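The values are calculated or read from the model by the stated rules, or taken from the named source; none is laboratory data. Values in this document were obtained by computation on a predicted structure and should not be read as measured data. All Cβ positions, glycine included, derive from the backbone under ideal geometry; neighbour counts span all protein chains shown.
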Amino acid sequence: MIIIAICDDNVADRIKLYETIERYLCKQGVNATIFTYDNPYKLNSVIESKTVCFDIIFLDIIMGDMNGMTCARIIRKQDKLVNIIFLTSSTDYVYEGYEVNATGYLVKPIKLDQLAKVMERAIAQIESADKASICITYRGVTQKIPTKDILYLESENNKVNIVLAKIAEKITVYAKLDEFEQMQQLNTFIRSHKSYLVNFLYIEKYENDKFVLTDGTVIPISRTNRDKVKEAFYALLNSQ
């Protein structure tokens, strides 16, 4: 199931895009839920509340007192991986889109063939990200958790808390943090401390003794781990 958001203050454009997306999804046999918003403040409020986890966001660039590019920068502080597709009447903002790692642009009026190309790209990225998952047993149920959804892991006695990035929830399992550190799927995670394994994708700020994550969480870096953390951080940074 793919979750899509459309944010456009023009009612006619919003409805037209909704209908075009539905046509594409129906043609491709893709299951999705589409949410619509008439201003970026409402969209950002939902993202910040972590009540909905979007896979794709269609974002109009020209909107009232907050344009789509500003909105995208705010979104990126909360979610590094969501596919952002800009809606525009011109290509003036194309270069700014690189700053927020936009998946693509759609120039209005939007046609089905235009939409299909950018949707194929977005869905391919979603499917690729979904392949990177860890398998855990939680409350008697075995489930997969995409590594992209994990903010950090925290060791607590003989348990590990898996703190999720997009929803206000943590999953606690009986395990050792060392076991997770050895998982190949978690090769973008950094062991900053004996009690913490942090997802590089959500590191907003790196200081000598701590990481500050995109949601404001502060993760300590132990004195004994500082050299290894520095090496791992810059290796991952250079690989992006």
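Observations, loosely collected:
- For Lys205, the conditions (1) surrounded by 13 or more Cβ atoms within 10 Å (Cβ to Cβ); (2) over 22 Å from Ala129 (Cβ atoms); (3) in contact with a strand residue (DSSP E or B) (Cβ under 7 Å, 6 or more places away or on another chain) are fulfilled apart from (1).
- Under the condition of being within 19 Å of Thr214 (Cβ to Cβ) and not β-branched (Val, Ile, Thr), the residues counted in segment 163-190 number 8.
- Filtered residues of segment 65-95 (kept if in contact (Cβ under 8 Å) with a residue 40 or more places away in the chain and under 27 Å from Leu112 (Cα atoms)): Gly68, Cys71, Leu81, Asn83, Leu87
- When restricted to residues that are among the hydrophobic types (A, V, I, L, M, F, W, C) and not in a helix (DSSP H, G or I), segment 18-54 contains 7.
- Checked against (1) at pLDDT 85 or above; (2) surrounded by fewer than 20 Cβ atoms within 10 Å (Cβ to Cβ), Glu96 passes all but a single condition, namely (1).
- Any hit, segment 219-228, residues being farther than 22 Å from Asn161 by Cβ and surrounded by 11 or more Cβ atoms within 10 Å (Cβ to Cβ): yes
- Inter-residue pairs, beta-carbon under 7 Å, first at pLDDT 95 or above and in segment 10-37, second assigned to a strand (DSSP E or B) and polar (S, T, N, Q), 6+ apart: Arg14/Thr36; Tyr18/Thr36
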